[in-house]
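These notes concern the structure reproduced below.
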Amino acid sequence: MGNSQASPASASSSRFVMASRAFSKQELDSLRALFTSLAAQSQTSGRAISRAVFLEYYGVRGPLGERLFQLVAKESDGSDGVTFEDLIISKATYGRGTRDEVDEFIYQLCDVTGDGVLTRSDLEAVLASIHETVFAENKGVGEGSNDRTFEAFLNSAVFSKDAEGVSEKAMSLSDFRNWCTLLPSLRKFLGNLLMPPDSGRPGFEVPLLHYPENISTDLLLLNKEYAWHIGGGFSQHEVQEWKLLYHSSLHGQSFNTFLGKVTNGDAQTVLIVKDTEGSVYGGYASQPWERHSDFYGDMKTFLFKLYPQASIFRPTGANKNLQWCAINFSSENIPNGIGFGGQPHHFGLFLSANFDQGHSFTCSTFTSPPLSKTNRFRPEVIECWGIQMRGAQDEKPELVKGTVLERFKEDRNMLKLVGLANSSD
C-alpha cells in the first residue's frame, strides 16, 4: 500500500509544477538563465544561489535581506542556498499570487526574527533595512536626511494582537495591511524586492530635491525620506524631481507671494505646513493653484501627515471636494485661502488668505482625521514644492540645484488670479 500522505519532496515538486504555471515559457527561460548565472557565481556546482550572491544581487540590506533569503529558500531548507524550485515558488507566490497570498508573504517577511510574532522591534529592523537599502544608495538625491523621520513611520503602526509569551502587543495581519495603506511607499518597497534590481523597482526610487544652496537644510520641512513617503501616493513610478517654489522663511508669509511663486505650467505641487505645536502635514495638489469659487481638482489629490505620525490619505470618492483656491471673494460662503477636502469652513486642511491661521477637521473626502493636534492651528512654516517627472517633457531646462521652476505665465495665469469669479461648477 502507498503512503496516505505525500512525501515532502513530492509535495515540493507539486508546488513547483503549480507555481510554474504562473509564468510563460519565455519568462521561465529568463528565470532559468538568471538562476544559472547566479548559481555559477555561488560555488555550489550550479545547484543553488548562495546567500551572499542572493543578497548582493537583490541588494536588500540588513535583517530584511536575511529574512528574504530565508523565506525564498524555505522549500529546500536553505542549506545549499536558493534552488531553482525555491525561486519559482517564491516568485509565483510573492509576485503572481492572490492579494491574501502576497500580503501573508510580506507579513512573514517583516517578522525578521522568524518567531511568528510581528512586534515593534521587528518593524524597527525593517525600517532600518529600508534606510540602509534605499537611502544609503541615494546619497546624492538631496541633503536633509533625518533618521527620526522613520520614527514617524513607526508611530503610525498599530499593535492590537495578544501574542503568547510576549509581554508587548503584536501586529496582526489586519494591523499590517492598514499600516501599508497609510504608507504606500513602504508597501511598494516590500512588494518589489524580488524584481530585477536594474528595472527601476517601485519603492526604491527617491525624489530628487532641488533648492537654493544658500538655504540651510535645517529650515526645510522636507527631507528625502519624507519625499519618498509622499511620492508613494503618486500613481507614476518615474523618478520625480522636486523644486522648492516657496518657503515662508525665505519669501515671507504672504498669500500673494505664494501664488506668484507657485502659479506655473507645472501644475503638480506639494504643500507642507508646520504649525506652532510642532506637527507637520500637508497635501498634494495635482492641479494648478487658480482662482475658483468652488472646489475643483481630480482624484490624484491627497492629504498626508509627516510628523509625529506619517500617513497618506487618498480620496474615497465620497465627494469631489478636492482642491480649493479662493482669492478676493467677499462672500462669507467662499472663504479666501487654499485648502483640501471637506466643506467650506470645515476643510480637511485649510490655510487662510493671510497665511496666519488654518484649520483641519475630520474629512470624508479622504477619510482623514484632523491633521493638526487641535482643529484650529497657526502655521509656523509653509513650504511648497513643484513636481516634475523626469523625462516628462522632451525639452526641459538643465536642472541646477538652487533654481526654481520657470516663472509663471504672467498674462494668462495672472488674469485668472485677479479676474472675475468663475461660476460654481
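The values are calculated or read from the model by the stated rules, or taken from the named source; none is laboratory data. All values reported here derive from a predicted model rather than from experimental measurement. Note: ideal-geometry Cβ built from the backbone for every residue, glycine included; neighbour counts use all protein chains shown. Ligands, DNA and RNA are excluded from the accessible area calculation, which covers all protein heavy atoms including side chains. Shrake-Rupley method; radii C 1.70, N 1.55, O 1.52, S 1.80 Å.
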TODO: Might you let me know whether the stretch 269-277 holds any residue that is open to solvent by 10 Å² or more (accessible area, probe 1.4 Å), among the basic types (Lys, Arg), touching a strand residue (DSSP E or B) at 6+ places or on another chain (Cβ under 7 Å) and modelled with pLDDT of 95 or more?
DONE: yes
- [ ] Pick out, from the stretch 317-366, the strands (runs of 3 or more DSSP E) lying fully within it that include 3 or more residues that are farther than 16 Å from Arg378 by Cα.
- [x] 323-326, 337-343
- [ ] Report whether or not Ser364 is surrounded by fewer than 22 Cβ atoms within 10 Å (Cβ to Cβ), farther than 22 Å from Pro184 by Cα and either within 21 Å of the chain's Cα centre (by Cα) or of a type in the set (Ser, Thr, Tyr) (or both).
- [x] no
- [ ] Please tell me if Ile312 is closer than 14 Å to Leu371 by Cβ, assigned by the TED database to the domain that holds Gly232 and not small (Gly, Ala, Ser).
- [x] yes
- [ ] State all residues of the stretch 301-316 that are open to solvent by 20 Å² or more (accessible area, probe 1.4 Å) and assigned to a loop (DSSP other than H, G, I, E, B); if no residue qualifies, say none.
- [x] Pro308, Gln309, Arg314, Pro315, Thr316
Open item on the list: Tell me yes or no: at least one residue of the stretch 215-223 is under 19 Å from Leu154 (Cα atoms), in contact with a helix residue (DSSP H, G or I) (Cβ under 9 Å, 6 or more places away or on another chain) and touching a residue at least 40 places away in the same chain (Cβ under 8 Å).
Closed with: yes
Task: Qualifying residues in the stretch 72-89 (those that are buried (at least 22 other Cβ atoms within 10 Å of the Cβ) and farther than 17 Å from Met18 by Cα) - the one farthest from the chain's Cα centre (by Cα) - done: Gly81
Task: Lone unmet requirement of (1) open to solvent by less than 30 Å² (accessible area, probe 1.4 Å); (2) farther than 23 Å from Ser76 by Cβ; (3) within 23 Å of the chain's Cα centre (by Cα) for Glu124 - done: (1)
TODO: For the stretch 42-60, state whether one or more residues are buried (at least 18 other Cβ atoms within 10 Å of the Cβ) and touching a residue at least 60 places away in the same chain (Cβ under 8 Å).
DONE: yes
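Just need a number here: residues in the stretch 138-156 that are of a type outside the set (Gly, Ala, Ser) and at pLDDT below 60. If you could, list the steps in order and put the result at the bottom.
Quick first cut of the stretch 138-156, residues of a type outside the set (Gly, Ala, Ser) only: 138-139, 141, 143, 146-151, 153-155.
Still in the list and also at pLDDT below 60: 138-139, 141, 143, 146.
Residues flagged as of a type outside the set (Gly, Ala, Ser) and at pLDDT below 60 within the stretch 138-156 amount to 5.
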Task: Matching residues in the stretch 23-62 - criterion: being part of a helix (DSSP H, G or I), more than 12 Å from Leu87 (Cα to Cα) and basic (Lys, Arg) - done: Lys25, Arg51
Open item on the list: If Glu168 meets every condition in (1) open to solvent by less than 70 Å² (accessible area, probe 1.4 Å); (2) modelled with pLDDT under 90 apart from one, which number is that one?
Closed with: (1)
Open item on the list: Exactly one condition in (1) out of contact with any His (no Cβ under 9 Å at 6 or more places or on another chain); (2) open to solvent by less than 30 Å² (accessible area, probe 1.4 Å); (3) assigned to a helix (DSSP H, G or I) is false for Leu193; which is it?
Closed with: (3)
Open item on the list: Based on this model, can you work out whether Ile338 counts as touching a strand residue (DSSP E or B) at 6+ places or on another chain (Cβ under 7 Å), farther than 27 Å from Asn155 by Cβ and either open to solvent by 30 Å² or more (accessible area, probe 1.4 Å) or touching a residue at least 60 places away in the same chain (Cβ under 8 Å) (or both)?
Closed with: yes
Open item on the list: For the stretch 68-83, check the following and say yes or no: at least one residue is free of Cβ contacts under 8 Å to residues at least 24 places away in the same chain and among the basic types (Lys, Arg).
Closed with: yes
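Would you check if Gly203 is touching a Leu at 6+ places or on another chain (Cβ under 8 Å), over 16 Å from Phe313 (Cα atoms) and not assigned by the TED database to the domain that holds Ala267?
Working: touching a Leu at 6+ places or on another chain (Cβ under 8 Å): yes; over 16 Å from Phe313 (Cα atoms): yes; not assigned by the TED database to the domain that holds Ala267: yes.
Against the criterion (touching a Leu at 6+ places or on another chain (Cβ under 8 Å), over 16 Å from Phe313 (Cα atoms) and not assigned by the TED database to the domain that holds Ala267), Gly203 qualifies.
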